[in-house]
Amino acid sequence: MRRRDFMTMAAGAMTGTLAGRASPAFSAPEAGLQLLDAKAYQQQRRFARTPMGRIAYMDRGAGPAALFLHGFPLNSFQWRGAIDRLSMHRRCLAPDFLGLGYTENANGQSCAPAAQVELLATLLDALSIQQADLVANDSGGAVAQLFMLKYPKRVKTLLLTNCDVEPDSPPPALKPVIELARAGKFADEWIAPWVADKALARSAQGLGGMTYTFPERLSDDTIDYYLAPLVSSPERKAQLHAYAAALDPNPLAGIESALRRCKTPTRIVWGTGDDIFSAESPGYLDRVLPNSQGVRRVPGAKLFFPEEYPELIAEELRALWGIA
């Protein structure tokens with residue numbers, strides 16, 4: 001599929017899903033809540049030195065750990081709103097995956113999903129954390145499933161939002177990105193123009209229009225925080241391409257039988273306006289996971305809705321965690 005065809009399809013699907021969609025209520029910040037903008041988030045960013053590289057992560061709050069896994073091509077900043085609302089209940093940890101965000105890869109370090117699983121285990125070990133609640137979106141959801149199967153005792157609960165599942169990984173809509181990444185062109189043909197032109201990034205032809213319910217609310221600083229590191233050097237471009245290319249072949253192939261034996265309490269929250277992942281996927285997860293706590297569908301919400309609906313994510317997590 002050519003890029004123009006893909007963009008046209010995405011824009012048309014967006015028009016269809018937004019028609020008749022009720023605008024969600026965005027609640028006012030709770031009293032005393034300190035919201036993080038890009039500058040404040042950057043100032044609080046930490047790094048863990050590991051054999052895999054210098055891992056960038058957020059560490060906020062106290063108590064049992066909750067681990068937030070971001071989507072592609074974002075970084076942990078995606079979860080700032082949820083962390084703002086949940087850090088009084090959990091020690092909220094949000095790493096930047098290998099090849100994305102502000103993590104600095106070791107030379108030759110893989111960016112494949114299996115390596116991201118080991119990244120999480122390495123970070124938890126470095127912080128002396130044995131178990132965590134997992135929260136994931138997009139390709140982070142694939143990593144969460146793989147982590148849960150490899151380290152079942154380390155996962156207390158799991159909340160999955162729109163993400164890969166075995167029958168839809170990678171989704172067909174991502175194939176043009178993977179092809180460009182393998183050709184070494186994705187960073188220069190897609191990401192760099194969005195960094196240079198924020199209006200383009202928010203348009204139907206950009207990251208905003210394709211993956212956000214309200215692309216007009218994406219600030220210039222947010223776009224820069226996500227995308228500027230990815231095109232900051234030839235090495236970072238290569239890592240971005242390695243991340244995307246490793247999403248095919250299907251990293252979740254063959255996991256269904258193991259998921260059917262998984263005992264982790266899991267809640268599924270799915271935006272119905274997403275035209276990247278299949279609308280059948282939340283039902284699939286609900287059927288396959290024996291301890292599923294059900295599905296909540298968010299009308300009209302697109303792929304990266306957890307960033308736009310942090311109060312909804314916080315509400316769902318408090319319920320999953322048994323917090324009144």
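Every number in this text was worked out from the coordinates using simple rules, so none of it is lab data. Because the structure is predicted, anything quoted here is derived from the model rather than measured. A quick note on method: Cβ atoms are made from the backbone with ideal geometry, for glycine too, and the neighbour counts reach across all protein chains shown.
Across the chain, Cα pairs under 8 Å and at least six residues apart give a relative contact order of 21 percent. When the square roots of the Cα gyration tensor eigenvalues are ordered a ≥ b ≥ c, the ratio a/c for the chain is under 1.5, which makes its shape rounded.
When +1 charges are put on Lys and Arg Cβ atoms and -1 charges on Asp and Glu Cβ atoms, the dipole computed for the chain relative to its Cα centre reaches about 640 debye. Taking Cβ atoms as reference points and 10 Å as the exclusive limit, the residues near ALA38 contribute a net charge of -2, counting Lys and Arg as +1 and Asp and Glu as -1.
Beta-bridge orientation, the chain: approximately 35 percent antiparallel, per DSSP, counting only bridges with both partners inside. Model label sites at THR272 and LYS185, defined 7 Å from Cα along the beta-carbon direction, differ in position by 3.8 nm.
When each of the peptides 124-131, 137-144 is scored by how many other beta carbons lie within 10 Å of its residues on average, the order from highest to lowest is 137-144, 124-131. Separation of the alpha carbons by more than 22 angstrom is noted, of LYS150/LYS185; LYS198/LYS302; LYS39/LYS175; LYS237/LYS302; LYS150/LYS237, for LYS150/LYS185; LYS39/LYS175; LYS237/LYS302; LYS150/LYS237.
Summing charges over neighbours of ASP248, with a neighbour being any other residue whose Cβ is under 14 Å away from its Cβ, gives -2 when K and R count +1 and D and E count -1. Across the options TYR41, ALA136, ALA238, the greatest Cα extent toward the positive end of the charge dipole of the chain (unit charges at beta carbon of Lys, Arg, Asp, Glu) belongs to ALA136. Charge tally around PRO170: other residues with Cβ under 13 Å, Lys/Arg +1 each, Asp/Glu -1 each, net -4.
In the chain, helices alone account for a calculated mean residue ellipticity at 222 nm of -11000 deg cm²/dmol, with every DSSP H run of four or more residues adding -39,500 (n - 2.57).
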